[in-house]
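Step one of this worksheet: look at the structure below.
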Amino acid sequence: DACAGATGDLLQAASRLAGAWQVRLLGDGPDKGRLVSLAGTLGIADRVHFDPWMPSPQVPGYLAQLHALVLPSHTLPNWKEQFGRVLTEAMVSGVPVVGSDSGEIPNVIGDAGLVYPEGDVERLAAHLSDLMSQPDLWARLAQQGKERVLAHYTQAQVAQETVRVYKEMLSS
């Protein structure tokens, strides 16, 4: 399953990080037991926290407390990441984002976050380490993320772009 392997990548990458950190996973999916076991095997069980599911209106407050948000999706033969709404939610909250290059993730992130080849645990760990050790990079990506969401992903911007596409189609 894409989520299980992808979340496993995040735990493996985190296990390579130095310093004080923790991983917070939101929701109790069917892979929780396997992920708890993997965290134990990696020696990071005390740094991995499983937060219970919460209603959508509470998610922005949760995201705003994070240092970074990671969307480590894996593409499967019958599935790839479509939009990754959580990316824009984190970005508008001032949280830098890191995502794999699955599906639309790189297009959503643009230059306002960090993208790595899906499944590349070393590169993911390097991106997380950079965000931890480079406050200027963190601040720049936090600001660029907010700006990107406001420029491209508000309801008004999406509606404007939809009208533009329809006009283009009608004039063809």
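The values are calculated or read from the model by the stated rules, or taken from the named source; none is laboratory data. Quick caveat, the model's predicted, so the values are computed rather than measured. Reconstructed Cβ throughout: ideal geometry from the backbone, glycine too, with neighbour counts over all protein chains shown. Surface areas here come from the heavy atoms of the whole protein model, side chains and all, with no ligands, DNA or RNA. Shrake-Rupley method; radii C 1.70, N 1.55, O 1.52, S 1.80 Å.
Annotations
- Qualifying residues in the range 79-104 (those that are open to solvent by less than 30 Å² (accessible area, probe 1.4 Å) and part of a helix (DSSP H, G or I)) - the one farthest from residue 23 (Cα to Cα): 88
- Residue in the range 30-60 that is most open to solvent (accessible area, probe 1.4 Å), counting only those that are part of a loop (DSSP other than H, G, I, E, B) and more than 21 Å from residue 90 (Cα to Cα): 30
Residues are listed down the side, and each one gets a yes or a no for (1) of a type in the set (Asp, Glu); (2) out of contact with any Lys or Arg (no Cβ under 9 Å at 6 or more places or on another chain); (3) touching a residue at least 60 places away in the same chain (Cβ under 8 Å); (4) within 18 Å of residue 71 (Cα to Cα):
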{"residue": "9", "(1), (2), (3), (4)": "yes, yes, yes, yes"}
{"residue": "21", "(1), (2), (3), (4)": "no, no, yes, yes"}
{"residue": "25", "(1), (2), (3), (4)": "no, no, no, yes"}
{"residue": "33", "(1), (2), (3), (4)": "no, yes, no, no"}
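- Any hit, the range 137-157, residues being within 21 Å of residue 15 (Cα to Cα), modelled with pLDDT of 95 or more and not in a helix (DSSP H, G or I): no
- All told, residue 9 meets the bar of being open to solvent by less than 60 Å² (accessible area, probe 1.4 Å) and assigned to a helix (DSSP H, G or I).
- Near pairs, Cβ below 9 angstrom, 6+ apart or cross-chain, from the range 87-109 (touching a residue at least 24 places away in the same chain (Cβ under 8 Å) and closer than 14 Å to residue 67 by Cα) to any residue that is in a strand (DSSP E or B) and open to solvent by less than 10 Å² (accessible area, probe 1.4 Å): 87/97; 87/99; 90/97; 91/97; 98/116
- Candidates 76, 128, 124, 137 - the one that is open to solvent by less than 40 Å² (accessible area, probe 1.4 Å), more than 13 Å from the chain's Cα centre (by Cα) and more than 26 Å from residue 57 (Cα to Cα): 137
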